[in-house]
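In what follows, a structure is listed as structure tokens, so that the remarks can point back to it.
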Amino acid sequence: KKYFENPIWAMPVNYHESVTKKPVSYRSLLDVFDGNSRLLDLMNPHFTFRIRKGHASIPTGTWIRVLPESVERLASALSTAPQITRSSESEYVVESGDTIIGIAKTFGVSTRALLEYNDVSNPKRIRPGQKLLIPKTSE
């Protein structure tokens, strides 16, 4: 009572929580929030700066909070995201002079998919000898 005599409490926010079953990009969630990044960030304060800036994907098993009226849109966004399957046959060892863009072009995958699949936040951080798994998009 000494420090907070008459606190004014905010109204509770009604929300729905969903768990990601695969990596999701921040940009794909922005569509669920009609492009309102402020609301997305307020409802999901656990997203790091790197996720919010698009340098890292939202990992599998992460809780995502949405407004109750957006539950169906979230389910649709999560289900229509490309499914990436891992295969031990698709592995590439980085060589001196390689770039993420060059590797992605060689294997016919998007740069973003290659980065997210290998949890690489900075494409300039790949090193010779590093093993990258090459994603295969299932149709």
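Read-outs throughout are calculated quantities, based only on the coordinates presented, and are distinct from any laboratory measurement. Treat the numbers as computed from the prediction; the structure is a model and nothing was measured. Methodologically, a virtual Cβ is constructed for each residue, glycine included, from the backbone with ideal geometry; neighbour enumeration extends over all protein chains shown.
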Signed unit charges on C-beta, dipole axis of segment 17-75, positive-most listed residue Thr60, Met43, Thr20: Thr60
Summing -39500 (n - 2.57) over every DSSP H run of at least 4 residues in the chain and dividing by its residue count gives a helix-only mean residue ellipticity at 222 nm, to the nearest 500 deg cm²/dmol, of -8000 deg cm²/dmol
Dipole magnitude of segment 84-137, debye to nearest 20 (Cβ charges: Lys/Arg +1, Asp/Glu -1, about Cα centre): 140 debye
With Cα atoms, 0 to 90° folded angle of helix 71-80 axis to the chain main axis: 0 degrees
Quick one: dipole size for segment 1-62, taken about the Cα centre, charges +1 on Lys/Arg Cβ and -1 on Asp/Glu Cβ, in debye to the nearest 20. 280 debye
First measure r as the distance between the Cβ atoms of Trp9 and Thr111, then evaluate 1/(1 + (r/R0)^6) with R0 = 41 Å and state the FRET efficiency to the nearest 0.05. 0.35
